[in-house]
Amino acid sequence: MKIYIICVIILISVLAVGCAKQVSINSFDECIAAGNPAMESYPRQCRAGDQTFVEQIDAIPMEEAIAIAEESECVEKGELIRESIMHNDNTNTWWIDLDLEKPGCNPACVVSDVTKMAEINWRCTGLIAE
């Protein structure tokens, strides 16, 4: 009799686990909401089973990037060249060339879509002759 009860309990347990509702995960946000951790990568990733979801980062508008650059160290060092602005979708950054002289360098003000902060990237190349 005891074996019969144990078998019934095991059978009910197996059926309950097999019939558990499977949550459909189709995006990074759904993956996080389901309790899965975000990987420390850029952009962040979330793994659910055998699927990996990548966080989508939307670009800030160009006008907002310019406003951020105008309030940063970039304009303290040089002038923004508004005719030379581009967005890099891979790094989620806006690049605004600077009118700033430094031998062997082509500086740009770089504005991050994520942090909404700006910094100067000097883009120096090669050996600087003295």
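The values are calculated or read from the model by the stated rules, or taken from the named source; none is laboratory data. Since the structure is predicted, the reported quantities are computational estimates derived from the model, not experimental observations. Cβ: placed from backbone, ideal geometry, glycine included. Neighbour counts: every protein chain shown.
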Report the residue count in segment 41-58 for those that are assigned to a loop (DSSP other than H, G, I, E, B) and touching a helix residue (DSSP H, G or I) at 6+ places or on another chain (Cβ under 6 Å). 1
Checked segment 1-40 for anything assigned to a loop (DSSP other than H, G, I, E, B) and at pLDDT 80 or above; matches are Ser24, Ile25, Asn26, Ser27, Ala34, Gly35, Asn36, Pro37, Glu40
From Gln45, Gln56, residue being surrounded by fewer than 15 Cβ atoms within 10 Å (Cβ to Cβ) and of a type in the set (S, T, N, Q): Gln56
Any pair with Cβ under 9 angstrom, 6 or more apart, that starts in segment 96-108 at a residue that is touching a residue at least 12 places away in the same chain (Cβ under 8 Å) and ends at one that is assigned to a loop (DSSP other than H, G, I, E, B) and basic (Lys, Arg): Cys105/Arg123; Asn106/Arg123; Pro107/Arg123; Ala108/Arg123
Name the pairs: first residue in segment 63-85 and more than 15 Å from Asp99 (Cα to Cα), second residue hydroxyl-bearing (Ser, Thr, Tyr) and surrounded by 14 or more Cβ atoms within 10 Å (Cβ to Cβ), Cβ to Cβ under 9 Å, at least 6 apart or on different chains? Ala65/Thr93; Ile68/Ser112
